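Participant: Can you read through this structure? Questions will come right after.
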Amino acid sequence: MRGVRHYPGFLAITVLCLVVLYAPLLVIMAYSFNGSTSITSWGGFSLRWYADVFTGPESARFGQAAWNSLTIAVIAASLSTMIATAAAVAMVRGGAFRGKRATFALINVPLMVPEIVTAVATLIFFAMIGLTTGYLTVLIAHVTFCIPFAYLPIAARLQGIEGHYEQAARDLYASRWQAFRLILLPLLAPGVVSGLLLAFIISLDDFIITNFVKGAGMETLPTAIFGSVKQGIKPNIMAISTLMLAVSVLFVTLSYLINRKGRRSP
Amino acid sequence: MSDAIEIRRVVKRYGTFTALHGVSLAIRDNEFFTLLGPSGCGKTTLLRMIAGFEDVTQGEILLFGQNIAGLEPDRRPVNTVFQNYALFPHMSVLDNVAFGLKMKGVAADARRARAGRMLEMVHLSAFADRLPSQLSGGQQQRVALARALAPEPRVLLLDEPLSALDLKLRQAMRVELKQLQEDTGITFIFVTHDQEEALTMSDRIAVMSAGHVQQIGTAREIYEAPVNRFVADFIGETNLLEVEVASVAGGQARVVLPGGQALTCPSASDTLGRHALSIRPERLSLVEAGGDLKATVERVVYLGTDLQLLTRLEGGAEMQVRVQNSARARVPQPGDRLGLRIEEGAARLLAD
């Protein structure tokens with residue numbers, strides 16, 4: 001059988017895709033080290049824009065936004081992972097129950113609904129129940145949309161764990177809770193950590209929904225960057241973007257490594 | 001002897017499918033009891049009901065007189081050796097064996113000591129700190145045994161525990177299991193589809209089929225005196241013939257075989273008409289002349305210790321004969337016309 005590389009045009013299409021995907025990132029990373037104030041001409045290597053991010057005129061604004069992003073991501077990822085774990089155990093281990101298919105759809109459909117629709121719907125919902133938009137509404141929205149992302153790796157991992165382990169634990173005098181905590185949870189851990197990191201990243205870089213439900217005065221890092229860019233792109237934005245990219249890559253890599261390690265041992 | 005377990009008219013239904021049709025049986029204390037049957041006969045379902053993994057649709061399960069049908073698995077003083085062992089992969093062998101004791105609240109020192117003794121019993125002391133994945137199949141199986149025995153259950157349930165092992169290991173484990181049962185004095189309930197396993201280890205066997213218990217008895221009883229066609233056919237090999245009972249007098253029936261040959265055999269009932277007759281191949285012998293039946297040899301299969309002869313009775317029915325291989329005797333050839341002698345009492349009329 002011929003390998004995929006023998007198809008005509010394979011190389012050209014691959015290169016094109018890679019360029020379209022990664023060239024902008026490479027440009028941003030390179031220009032974040034630009035010594036010039038221009039964003040188009042190279043003025044030698046410098047860390048001035050990284051210094052500007054932490055000490056410059058916009059540093060207080062970005063600092064507050066980064067703090068908001070980070071705390072919301074940590075809390076939203078933790079809560080959504082707990083909910084997703086409970087949901088996965090119910091769906092995979094709960095046997096047959098009425099409305100199981102509907103529940104499955106309810107958990108997964110948010111992945112397919114256009115984000116703008118969710119954003120508008122969430123905003124209308126908060127307005128209807130009279131909740132003032134701000135930190136809390138952003139947090140609630142993030143917990144909600146992170147659940148399906150956390151659910152996927154957890155449910156996948158759980159499907160690979162045989163039910164006999166929990167039965168053996170119950171047989172050896174463990175209560176339901178003990179069987180879950182001492183047997184199932186340690187076996188499930190790689191999936192849970194993976195779900196947690198995924199949810200964290202999804203929350204950290206969400207823009208559309210956050211922008212709708214954040215209210216005036218409250219910023220997360222993505223909305224702060226967007227606000228700043230509206231007044232023209234300055235090189236400090238490239239430095240911030242590069243920092244965020246680094247954090248994302250770090251977490252995705254961690255998630256991958258943990259999942260792989262978990263899969264190797266049965 | 002008291003009963004360890006009494007199953008009373010237990011029914012199990014899954015939706016419209018009935019897995020067990022009102023099964024009743026009693027298992028004595030200190031007994032090695034085997035549930036034997038083909039897959040889908042309900043034996044594993046019954047075992048899982050005793051363990052508490054399946055609800056009882058109807059009926060009662062008594063453990064030393066107490067109805068346990070509604071109890072959660074962790075409230076039942078029974079432990080299970082699972083078919084695929086289900087050793088906890090993230091725990092050391094010692095922690096696996098000590099798990100039940102830990103859940104029962106036994107202090108750390110005491111449970112480590114007991115788990116150590118259990119590992120000694122199954123000859124795995126050297127492997128206490130390993131993970132289950134670092135052991136061979138046979139070793140894992142012995143860890144599973146030690147783990148299930150460590151909390152001193154009153155009844156040990158074994159769900160086809162030998163089926164994943166190769167033949168030599170399986171045969172060695174049979175002897176070890178029986179020895180273990182005698183040493184510990186714990187009631188063993190063993191589920192298997194392998195009749196040889198059942199016959200070699202069990203004090204008593206319940207033969208099951210299609211959700212019914214067909215017969216309960218010692219290995220000798222179910223082999224020598226099968227109550228029906230299913231048991232006769234499932235346990236060992238047998239010749240099953242459709243016969244006509246012509247007359248019964250003084251406990252002896254006159255039966256006519258297909259093809260017209262007739263013979264006399266013991267009968268418990270007076271019913272005439274069509275019946276099944278079972279004759280084990282090794283209870284037949286060859287004679288040059290005379291005998292109870294006349295037959296022609298069709299094929300001879302050399303089995304080493306034995307010869308298996310496929311013969312055809314005059315008038316049509318096939319009859320298998322098994323004779324010991326001996327250097328002195330002449331080996332029959334296809335086409336030989338011989339007499340078959342049936343051992344006293346070996347032809348058995350079956351109820352259905």
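Participant: In the range B:1-96, which strands (runs of 3 or more DSSP E) lie fully inside it and hold 3 or more residues that are within 14 Å of chain A (Cβ to nearest Cβ)?
Facilitator: B:78-81
Matching residues to (1) in contact with a helix residue (DSSP H, G or I) (Cβ under 8 Å, 6 or more places away or on another chain); (2) buried (at least 18 other Cβ atoms within 10 Å of the Cβ); (3) part of a strand (DSSP E or B):
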{"residue": "B:CYS265", "(1), (2), (3)": "no, yes, yes"}
{"residue": "B:ALA268", "(1), (2), (3)": "no, no, no"}
{"residue": "B:LEU286", "(1), (2), (3)": "no, yes, yes"}
{"residue": "B:LYS294", "(1), (2), (3)": "no, no, yes"}
{"residue": "B:ARG299", "(1), (2), (3)": "no, no, yes"}
{"residue": "B:LEU307", "(1), (2), (3)": "no, yes, yes"}
{"residue": "B:LEU310", "(1), (2), (3)": "no, no, yes"}
{"residue": "B:GLY315", "(1), (2), (3)": "no, no, no"}
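Participant: Next question, about the same structure. Working only within the range B:104-161, note down all residues that are among the polar types (S, T, N, Q) and outside any helix (DSSP H, G or I).
Facilitator: B:SER136 - this is the single residue of the range B:104-161 that is among the polar types (S, T, N, Q) and outside any helix (DSSP H, G or I).
Participant: Against the condition part of a helix (DSSP H, G or I) and either in contact with a His (Cβ under 6 Å, 6 or more places away or on another chain) or hydroxyl-bearing (Ser, Thr, Tyr) (or both), how does A:THR133 come out, does it pass?
Facilitator: No, not satisfied.
Participant: Taking into account only those residues within the range B:138-174 that are closer than 17 Å to B:ILE186 by Cβ and acidic (Asp, Glu), which is least open to solvent (accessible area, probe 1.4 Å)?
Facilitator: For the range B:138-174, the residue satisfying everything is B:ASP159.
Participant: Limited to the range B:97-128, what total is found for residues that are within 14 Å of chain A (Cβ to nearest Cβ) and of a type in the set (D, E, K, R)?
Facilitator: 4
Participant: Continuing with this model, one more query. Please indicate, with yes or no, whether at least one residue in the range B:280-287 is in contact (Cβ under 8 Å) with a residue 60 or more places away in the chain and over 31 Å from the mean Cα position of the chain (by Cα). Explain how you work it out, then say what you get.
Facilitator: Of all residues in the range B:280-287, those in contact (Cβ under 8 Å) with a residue 60 or more places away in the chain come to B:280, B:283-284.
The next check asks that each one be over 31 Å from the mean Cα position of the chain (by Cα); those that pass are none.
No: zero hits.
Participant: Of all residues in the range A:166-195, which are open to solvent by less than 40 Å² (accessible area, probe 1.4 Å), under 21 Å from A:ARG260 (Cβ atoms) and at the interface with chain B (Cβ under 7 Å from one of its Cβ atoms)?
Facilitator: Hit for the range A:166-195 is A:LEU187, nothing else.
Participant: Could you give every pair whose Cβ atoms fall below 7 Å, whose first residue belongs to the range B:190-201 and is closer than 24 Å to B:VAL78 by Cα, and whose second residue is among the acidic types (Asp, Glu) and part of a loop (DSSP other than H, G, I, E, B), counting only separations of at least 6 or pairs across chains?
Facilitator: Short answer, once both residue conditions are applied: B:VAL191/B:GLU160; B:THR192/B:GLU160.
Participant: Which of the residues spanning the range A:196-228 are open to solvent by 50 Å² or more (accessible area, probe 1.4 Å) and within 23 Å of the chain's Cα centre (by Cα)?
Facilitator: Result: A:LEU196, A:LEU198, A:ASP205, A:PHE207, A:ILE208, A:ASN211, A:PHE212, A:PHE226.
Participant: Return the residue satisfying two criteria in turn: it lies in the range A:152-165 and is open to solvent by less than 40 Å² (accessible area, probe 1.4 Å) and away from chain B (no Cβ under 12 Å), and of such residues it is farthest from B:ALA98 (Cα to Cα).
Facilitator: Only one residue fits best here, namely A:PRO153.
Participant: Does A:LEU136 satisfy the criteria of being modelled with pLDDT under 95 and within 14 Å of another protein chain (Cβ to nearest Cβ)?
Facilitator: Spelling it out, it is not the case that A:LEU136 is modelled with pLDDT under 95 and within 14 Å of another protein chain (Cβ to nearest Cβ).
Participant: Of the residues A:LEU136, A:LEU106, which is within 22 Å of A:LEU204 (Cβ to Cβ) and open to solvent by 60 Å² or more (accessible area, probe 1.4 Å)?
Facilitator: Values: A:LEU106 fails: within 22 Å of A:LEU204 (Cβ to Cβ).
Criteria check complete, one pass: A:LEU136.
Participant: Suppose we filter the range A:153-184 for residues that are of a type in the set (S, T, N, Q) and within 25 Å of the chain's Cα centre (by Cα); how many remain?
Facilitator: 1
Participant: Do we find that A:ALA121 is assigned to a helix (DSSP H, G or I), over 18 Å from A:LEU198 (Cβ atoms), out of contact with any Ser or Thr (no Cβ under 8 Å at 6 or more places or on another chain) and not aromatic (Phe, Trp, Tyr) in this structure?
Facilitator: Against the criterion (assigned to a helix (DSSP H, G or I), over 18 Å from A:LEU198 (Cβ atoms), out of contact with any Ser or Thr (no Cβ under 8 Å at 6 or more places or on another chain) and not aromatic (Phe, Trp, Tyr)), A:ALA121 qualifies.
The values are calculated or read from the model by the stated rules, or taken from the named source; none is laboratory data. If you're wondering where the values come from, they're calculated on a predicted model, not measured in any experiment. Note that each Cβ is placed from the backbone with ideal geometry, even for glycine, and that neighbours are counted across all protein chains shown. Ligands, DNA and RNA are excluded from the accessible area calculation, which covers all protein heavy atoms including side chains. Shrake-Rupley method; radii C 1.70, N 1.55, O 1.52, S 1.80 Å.
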